[in-house]
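Everything below concerns the one structure shown next.
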Amino acid sequence: MAQPPSRFTPGIKPFVAYDDPVIALMHARVIDGTGAAPREDQTIIIYQGKISAFGGKAPDGARVIDLTGHTVMPGMVGMHEHLYYPIGGGVPMYPEMAYSFPRLYLAAGVTTARTAGSVEPFTDMNVKAAIDAGKMPGPRLYITGPYLEGKGAFAPQMHELTGPEDATRFVEYWAAQGVTSFKAYMNITRAELKAAVEAAHRHGIKVTGHLCSVGFREAAEIGIDNLEHGLLVDTEFHPGKQPDVCPQNTRAEVARLDLNTAPVREMIADLVRHHVAITSTLAVFEAFDPERPPLEQRFLDAVSPDAAVNYLAARARAGSGRGAAAGSAAAALKKELEFEVAFVKAGGLLVAGADPTGNGGALAGFADQRNVELLVEGGFTPVEAIRIATSNGAKLLGEEARIGTVAVGKIADLMVVSGNPAARIAEIRNVKWVFKDGVGYDSAKLLESVRGQAGLR
Ligand SMILES: [Zn+2]
């Protein structure tokens, strides 16, 4: 029988392993993304891009995939997934990885990605359009506008707001261009943040922040929807904090904070009361600890020689300050984990994302997997950590009816891994296929196509 012509462009076709209209995933272990215990030996029917049934036998004509020994999970919903990467230098630059990063995210199991701050918004939007049109592989993207940064930006790719009116204009302009979220940055003033949040909310658009000049409780009061990175960037407990000014608070200082004191507990309660979500970005913090992140061959394979040298040099520099640097990075990471556990225990919505910045050690996709491992290290069960990386993100995006769990009626955005991440969370790295809209992509082929490219393009 002749094959029908492929509905995929040459940009996508080499990576597609399964594109049959009916697919039956048989004998799979399912971790559904709700936090429920895994279910063994399940059948999932994918029909025209959606999950149409659980159980039963494969319909006639279905493509049958035997997943004995494999686990099916929802695709990750990454909430801090920049399309840029640091290349260092005296003037810090963050070039777009429009070629390699969408592939890396998808290969790692990230099927939905909020970009959480853009330095090339038109590139981000055009990459999204190309992915949606089936011209290149990548996750479904939710584009965040350029940074809402105040005076004192450290990166020349950022605009510095000149006041609240400018913040309103900025939001109006980029909302009209089609961005679907905003991110406030480290030097924004409370008045600028307030103007931006009000303008964004008028458009039904959420605002997140990597803040410093504004404390978490101030931001919650203003109406921010989400805060990136967690306790490690909250400056409100810094003894010398001046209003609207980003102080030099150190990781060591945060690491000394006692989470059981009234002010910290009140801050957590305040965020929960205001429905402010927190985005966990543990991998990028861990990368600063020279003794911790295992140097992975897959990382060295994916990055360009220059990017590998940059990262290895940063790692060596941190290592030469062994003791102080490693000690404070490790203590800060531990404190951040304690905070995230306490935040969830208090009823807060915790989501996760890669944040491929810092010293370059947190790479698109791999860092999303590493985050899940670190959440487990912090005390979450594997299925809870997977929920944080999947359905919680969908909830914050307002897309939980369509994506984020393995359930009948949802879009078939799934990752298939060999092994059992519920028993050994590191097996989340063993991604074989990633389904997006019911199309199965070959993870190894996507990774092969970016060999040596990350950090370059
Ligand atoms: Zn970021």
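In this model, which of Lys194/Lys345; Lys13/Lys395; Lys13/Lys128; Lys183/Lys345 are farther than 23 Å apart at the alpha-carbon? Correct reply: Lys194/Lys345; Lys13/Lys395; Lys183/Lys345. Summarising the label geometry, the points placed 7 Å from Cα in the beta-carbon direction at Ala313 and His27 lie 5.2 nm from one another. A helix-only calculation puts the chain at -10000 deg cm²/dmol for mean residue ellipticity at 222 nm, using -39500 (n - 2.57) for each DSSP H run of at least four residues, averaged over all residues.
Computed 3J(HN,Hα) for segment 309-318, one whole-Hz value per residue from the Karplus formula 6.51 cos²θ - 1.76 cosθ + 1.60 where θ = phi - 60°, is 5, 4, 5, 5, 5, 4, 5, 5, 4, 4, glycine and proline marked x.
Taken one residue at a time, the phi angles of segment 346-351 give Karplus couplings (6.51, -1.76, 1.60, θ = phi - 60°) of 7, x, x, 8, 9, 10 Hz. Gly and Pro are set to x. When peptides 191-197, 105-111 are sorted by average Cβ neighbour count within 10 Å, with the highest value leading, the order is 105-111, 191-197.
Around Pro102, with a cut-off of 12 angstrom between Cβ atoms, what is the net charge of the other residues, counting Lys and Arg +1 and Asp and Glu -1? Residues near Pro102 contribute +2 overall. Over 29 Å between C-alpha atoms is what I'm after, so list which of Lys135/Lys410; Lys334/Lys436; Lys206/Lys410; Lys335/Lys436; Lys50/Lys335 land there. In this structure, Lys334/Lys436; Lys335/Lys436; Lys50/Lys335 lie more than 29 Å apart at Cα. To the nearest 0.05, how large is the calculated FRET efficiency for Thr381 and Ala129 if R₀ is 45 Å and r is the Cβ-Cβ distance? Efficiency, rounded to the nearest 0.05: 0.70. The string of couplings for segment 98-104 from the Karplus curve (6.51, -1.76, 1.60, θ = phi - 60°) is 5, 7, 7, 6, x, 5, 5 Hz, one whole number per residue in order, with x for Gly and Pro.
Annotation: amide H-H contacts under 5 Å for Tyr84 (H modelled 1.01 Å from N, sequence separation of 5 or more, or interchain): Met97. Spin-label pair Gln177-Arg451: with each label point 7 Å from Cα along the Cα-Cβ axis, the two points sit 3.7 nm from one another.
In percent, rounded to a whole number, the relative contact order of the chain is 23, using alpha-carbon pairs under 8 Å and six or more apart.
Scaled against 2.2 N^0.38 Å for its residue count N, the alpha carbon radius of gyration of segment 357-457 is 1.14.
Beta-bridge orientation, the chain: approximately 50 percent antiparallel, per DSSP, counting only bridges with both partners inside. All other residues with a Cβ under 10 Å from the Cβ of Arg63 taken together, and with Lys, Arg as +1 and Asp, Glu as -1, what is their net charge? Around Arg63, the surrounding residues sum to -2. Length gained on full extension, Glu338 to Arg39, computed as 0.36 nm times the residue gap minus the Cα-Cα distance: 104.7 nm. Label separation (Arg169 vs Ala444): 5.5 nm, computed from points 7 Å beyond Cα along the C-beta direction. Residues whose amide H comes within less than 5 Å of that of Thr279, counting only those at least five positions distant or on another chain, are Leu227, Glu228, His229, Gly230, Val351 (H built at 1.01 Å from N in the peptide plane).
Computed extension length for Thr68-Ala252: 61.6 nm, one decimal, from 0.36 nm per residue of separation with the Cα-Cα distance subtracted.
Of the peptides 126-137, 248-259, the ranking by mean beta-carbon count within 10 Å, highest at the top, reads 126-137, 248-259.
Taking the alpha-carbon centroid of each part, what is the distance from segment 384-451 to segment 108-137 in angstrom? Value for the Cα centre distance between the two parts: 17 Å.
A cut-off under 15 angstrom between Cβ atoms defines the neighbours of Gly348, and their net charge, with Lys, Arg +1 and Asp, Glu -1, is -3.
Computed from the alpha carbon positions, the gyration tensor of the chain leads to an equivalent ellipsoid with semi-axes of 35, 23, 23 Å, biggest first. Tally up the carbon and sulfur contribution to the accessible surface of segment 108-243 as a whole percent, 1.4 Å probe, everything protein left in place. That fraction is 54 percent.
When peptides 285-294, 238-247 are sorted by average Cβ neighbour count within 10 Å, with the highest value leading, the order is 285-294, 238-247.
Residues whose amide H falls under 5 Å from that of Leu148, counting only those 5 or more places apart or on a different chain, are Lys183, Ala184, Tyr185, with hydrogens built in the peptide plane.
The values are calculated or read from the model by the stated rules, or taken from the named source; none is laboratory data. Just so we're clear, the structure is a prediction, and the values are computed from it rather than from any experiment. For neighbour counting, all protein chains shown are included, and Cβ atoms are generated from backbone atoms with ideal geometry for every residue, glycine included. Each accessible area value is taken on the protein alone, full model and side chains, heavy atoms only, with ligands, DNA and RNA left out. Shrake-Rupley method; radii C 1.70, N 1.55, O 1.52, S 1.80 Å.
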